[in-house]
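First up is the structure itself, then whatever we jot down about it.
The values are calculated or read from the model by the stated rules, or taken from the named source; none is laboratory data. Just so it is clear, the model here is predicted, and its values are computed rather than measured. Every residue, glycine as well, gets a Cβ built from its backbone with ideal geometry; the counts of neighbours run over all protein chains shown.
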Amino acid sequence: MQRKLGSDRGLTLRMALTMFLLAVVYLIFVGVLLLMHIGIATIVVVVAVLLAAQYYFADRMVLSALKARMVTPQQYPQLYDIVGRLAQLTGTPMPKLAVVPSQVPNALATGRDPKHAVIVVTTGILNQLDPKELEAVLAHELSHVIHRDVKVMAMAGFFATVASLIVQSGMWFGMFGGFGYGGGGYGRGRSSDQGEGMIVIILVAAVVWAISFVLIRALSRYREYAADRGSAVITQEPSQLASALQKISGSMSRIPSQDLRQVQSANALMIFPAVHAGKGSLAEIFSTHPSLEHRLAKLRELESEISR
């Protein structure tokens, strides 16, 4: 009997709203670039190339950054057995599987759609969780694949990355006298105008990056709730995911900071953040994940719903 996971309406609406707001913000940004007399052809070509690269190669970049290696059923039979059963149960194409040689207990999903999905686990999580807990974690990651939120996060992250690169490039440009201030003689006024234009672009890019940052973080937190719920629906055992999250959280505090930093690049994609933003309401805004306490509370609610 299949247990297909329906679309999460709240997540779908949030993904659509996030992409719409980001599109509006970036259209304004493009307008500013055009006012600064930067050619439309240049903008279109650069953005198209970068966007295509992000869409088609984001998963490879994640795998490369984590030093993950694709594995076979012969190497990890239990892992393939669990994911295979979950994929069959949900009517989802079997994703590729990869393992990261790291003691940090974690997992993530990447790939632009279910047919190109990759579920990644660390050796740490394979060693620390029992089969039921591991199944709950893998169901969580498969939920991300089914919801297609990985693609939206990658696309949204691309916009923020472009704005960040513009800000950083502008700062370096200014540090080395690129804004055109100082000096005299022929061309001084023109150089000054170019400098002022560059400052405007950097300021607008900084605002764009800040707005993107907050929007992406909000979407990231909600998608974790949605995947937690997906895991509960698929396995019918929310308590197993709760137990897994508590084990992962407890292990993180005992792992050297150097090891945590090695997987930090994929922090937003992981089931549990390797590096925390801190505590408090402000830290919550900047966090990629809901707090453990909030996630456990939601899972207890789901446990009550399922047991009725």
Where Phe272 falls short, out of the listed (1) touching a residue at least 60 places away in the same chain (Cβ under 8 Å); (2) in a helix (DSSP H, G or I); (3) within 20 Å of Asp149 (Cβ to Cβ): (2)
Gly195, sole failed condition from (1) buried (at least 16 other Cβ atoms within 10 Å of the Cβ); (2) modelled with pLDDT of 65 or more: (2)
Qualifying residue in the range 20-37 (condition: β-branched (Val, Ile, Thr), under 23 Å from the mean Cα position of the chain (by Cα), surrounded by fewer than 12 Cβ atoms within 10 Å (Cβ to Cβ) and modelled with pLDDT under 80): yes
Tally, over the range 95-121, of residues that are surrounded by fewer than 24 Cβ atoms within 10 Å (Cβ to Cβ) and of a type in the set (Ser, Thr, Tyr): 1
Number of the exception - Val49 against (1) under 23 Å from the mean Cα position of the chain (by Cα); (2) surrounded by 12 or more Cβ atoms within 10 Å (Cβ to Cβ): (2)
Options Gln103, Gln75: the member that is free of Cβ contacts under 8 Å to residues at least 40 places away in the same chain and in a loop (DSSP other than H, G, I, E, B): Gln75
Options Ala226, Ala218, Ala274: the member that is surrounded by 14 or more Cβ atoms within 10 Å (Cβ to Cβ) and closer than 30 Å to Phe29 by Cα: Ala218
Matching entry among Tyr56, Tyr80 (being part of a helix (DSSP H, G or I) and either of a type in the set (Lys, Arg) or touching a residue at least 40 places away in the same chain (Cβ under 8 Å) (or both)): Tyr56
Pairs, first on the phi > 0 side of the Ramachandran plot and free of Cβ contacts under 8 Å to residues at least 60 places away in the same chain in the range 110-135, second of a type outside the set (A, V, I, L, M, F, W, C) and assigned to a helix (DSSP H, G or I), C-beta under 6 Å, six or more apart: Gly111/Asp59
Subset tally (residues that are more than 13 Å from Val121 (Cα to Cα) and either touching a Cys at 6+ places or on another chain (Cβ under 6 Å) or of a type in the set (Gly, Ala, Ser) (or both)) for the range 60-95: 5
